[in-house]
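The values are calculated or read from the model by the stated rules, or taken from the named source; none is laboratory data. Note that this is a predicted model, so its numbers are computed, not measured. FYI the Cβ positions are ideal-geometry reconstructions off the backbone, even for glycines, and counts take in every protein chain you see. Ligands, DNA and RNA are excluded from the accessible area calculation, which covers all protein heavy atoms including side chains. Shrake-Rupley method; radii C 1.70, N 1.55, O 1.52, S 1.80 Å.
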Amino acid sequence: MIEPTLNYVLCPGPGATAVPAGQDPAAARPVTGPQHRMAYWEWNATGNPAHPHVIVCVHGLSRQGRDFDVLARELSQHARVICPDVVGRGQSDWLADPMGYQIPQYGADMLALLAQLHQQAPITTLDWVGTSMGGLIGMGVIGQPGLPLPVPVRRLVLNDVGPVIQWLAIQRIGQYLGFAARFESLQQAADATWAVSTSFGPHTPAQWLELSRAMVRSLPNEDGKGGLTLHYDPAIAVPFRAMTQEAAAAGEAFLWQLYDQITARTLLLRGADSDLLSHETAQAMAERGPRAQLVEFAGVGHAPTLVAADQVAAVAGFLLAESVLSEEGASTA
């Protein structure tokens, strides 16, 4: 079975001492200077390491790039699939200033990533899949004309996110984001994270355990306790908790402006029970700007994990339909 390779890109903004997932903090890499490293996972089963079609998949607020393993294995048969660990998560560095954990910094990091990928091998087709926060980052990168993208984004998948974010969902997420936790085992961690993630919809125990592997890192064993904790910098919660309902409402107009300026063909996924993206907002997104094609998944809230077969098929069909037809035509010529 294909596995991804782990890579890094230098991004603007000073980092703190990094504690990579699965490593003892005593072995952390000290970070100094004006830059930090962002990790990214690359999947490529095309047989061409310089394949010109790149699909970037960006995860949600407290997640990391391995969330996309199931989808990436499917897409990587036809494209280079790039799944970054947004700074402060997974294998990426942590930031020196917690207030940097916001969309402008994340967007700048993605531009650095795309520039590096394009330098490695020219990109001719660029697509974006963004879950929750990853969708907001995508809107910020794609909806601002004049940003230095290698090529315009051709197709955009927004997974359960839009310009209007329900305040009750922000409050729900704030109840668990950034609080220290210690687990004796991966299974205990999976059970604990499931308790606050049931809105993701039905998963088998095996599916959820696999989604949980990259969600933890090892704690030092100096006190004889060891164990595991969540992978991310707890400080990602600092700017999140500083947000007010008034500020969130004020930002909606700007987000709508970004959305209306998107020219990429857009697919909007929504959990039918989502408390973050309302059905009314989703309908509005289907009627303005790029006029997103809306697909809703019954029995799922915020956010679809893109593990279930119907969810993977919706994304793959949207992104790869033309590529698959082209490849099939070439193979029969």
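Counting other Cβ atoms within 10 Å, keep those with at most 13, restrict to DSSP loop, and tell me which chymotrypsin sites (Phe, Trp or Tyr not before Pro) in the stretch 144-205 are left. Don't jump to the answer; show the numbers that get you there.
Values: sites: W167, Y176, F179, F183, W194, F200; in loops: Y176, F179.
Hits after loop and neighbour filter: F179.
Judged by the ratio a/c of the largest to the smallest principal axis of the C-alpha gyration tensor, the stretch 43-197 counts as prolate, that ratio being 1.5 or greater while a/b is larger than b/c.
In this structure, T244 and R288 have a Cβ-Cβ separation that, at R0 = 25 Å, corresponds to a calculated FRET efficiency of about 0.40. When GluC sites (Glu not before Pro) are flagged only if DSSP places them in a loop and at most 13 other Cβ atoms lie within 10 Å, the longest unflagged stretch of the chain comes out as 1-183.
Shape call for the chain from the C-alpha gyration tensor, a ≥ b ≥ c root eigenvalues: rounded (a/c under 1.5), prolate (a/b greater than b/c) or oblate?
It is rounded, given that a/c, with a ≥ b ≥ c, falls under 1.5.
The heavy atoms of R265 offer some 130 square angstrom of accessible surface to a 1.4 angstrom probe. Between the residues P4, L219, P104, the greatest Cα displacement towards the positive end of the dipole of the chain, with unit charges on the Cβ of Lys, Arg, Asp and Glu, is found for P104. Rounded, prolate or oblate, given the Cα gyration tensor of the stretch 207-271, with a/c below 1.5 counting as rounded? Cα axes put the stretch 207-271 in the oblate bin. When the helices of the chain are scored as -39500 (n - 2.57) per DSSP H run of n ≥ 4 and the total is divided over every residue, the value at 222 nm lands at -10500 deg cm²/dmol. If you wrap the stretch 273-319 in the convex hull of its Cα atoms and look at it from every side, the mean projected area works out to 3.5 nm².
Around the Cα centre of the stretch 96-190, unit charges on the Cβ atoms of Lys, Arg, Asp and Glu (plus for the first two, minus for the last two) sum to a dipole of about 140 debye.
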